[in-house]
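Everything below concerns the one structure shown next.
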Amino acid sequence: MTVLALDASTARATVAVIRSATIAAEVTVAERSEHVEPLLPAVLALLATVSVPLSDLTAIVCGAGPGTFTGLRTAASIAKGLAMGLEIPLFAVASLPLIVAAQSRQPGRYLAVLDAGRGDRFASLMNWPCAEGAGYILAPAAQVAALAAEAHATIVGPETGVWPHARGVIHLAWGPPVDLASWEPDYGRSSAAEDRRREATR
């Protein structure tokens, strides 16, 4: 299999090309502008560096969130568009486990954490090397350390210098492919704009 993996759940979007369960190439897209313009060119450039035409791809795996609204929407649109155009399956994996799966980790308990904005964090407790069924909660940033201490877990995430990376998909179960017509990433919470609209209609 030749697989394209991408994740844009944070200010750093990442792309990886996987051949036979081995990372053939990977790239981190420059921070900011929420990847709207640079992500697709980065995908195409990375494929070119390993001489993989789009027609050789057999599957796409996309980080499904939670995370930044614009980044997740952009990655999902690119992944769905390519999967639809190439008539290949699209798989979705949660972005929080990609923090742990992308690094060389000792077996243990980890609390993967991402910024959720508004003083909150997305937090997912997982036993590694098994991250299956790792859900997440939305918690105030001030409570994260206590949550980790209570669970005897090591905190990992951008605030500790560790970011989710698309290469981590080789260590995660993908599950069945998503339905291209209906699948959307998990944003984790409503946007500030949506909250304002709701407040305005009350």
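Points worth noting:
- Residue 56 surrounded by fewer than 23 Cβ atoms within 10 Å (Cβ to Cβ), of a type outside the set (Ser, Thr, Tyr) and in the same structural domain as residue 139 (by TED's automatic domain parsing): no
- Considering region 171-202, the residues that are surrounded by 16 or more Cβ atoms within 10 Å (Cβ to Cβ) and more than 13 Å from the chain's Cα centre (by Cα) include one that is modelled with the lowest pLDDT, namely 189.
- The residues in region 30-55 that are at pLDDT below 90, closer than 13 Å to residue 68 by Cβ and not charged (D, E, K, R) can be counted, and the count is 3.
- Residue tally, condition touching a Gly at 6+ places or on another chain (Cβ under 7 Å) and within 29 Å of residue 90 (Cβ to Cβ), over region 139-165: 1
- Taking region 81-186 as the region of interest, the strands (runs of 3 or more DSSP E) fully inside it that hold 1 or more residues being of a type in the set (D, E, K, R) and under 23 Å from residue 11 (Cβ atoms) are 108-117, 120-128.
- Selected residue (criterion: surrounded by the most Cβ atoms within 10 Å (Cβ to Cβ)) from residues of region 1-15 that are over 12 Å from the mean Cα position of the chain (by Cα) and assigned to a strand (DSSP E or B): 4
- Candidate set from region 68-104 (those that are within 22 Å of residue 134 (Cβ to Cβ) and out of contact with any helix residue (DSSP H, G or I) (no Cβ under 9 Å at 6 or more places or on another chain)); member that is surrounded by the most Cβ atoms within 10 Å (Cβ to Cβ): 96
The values are calculated or read from the model by the stated rules, or taken from the named source; none is laboratory data. Everything numeric here is computed off the predicted structure, so don't read it as measured data. Heads up, the Cβs are rebuilt from the backbone with ideal geometry, glycines too, and the neighbour counts pull from every protein chain shown.
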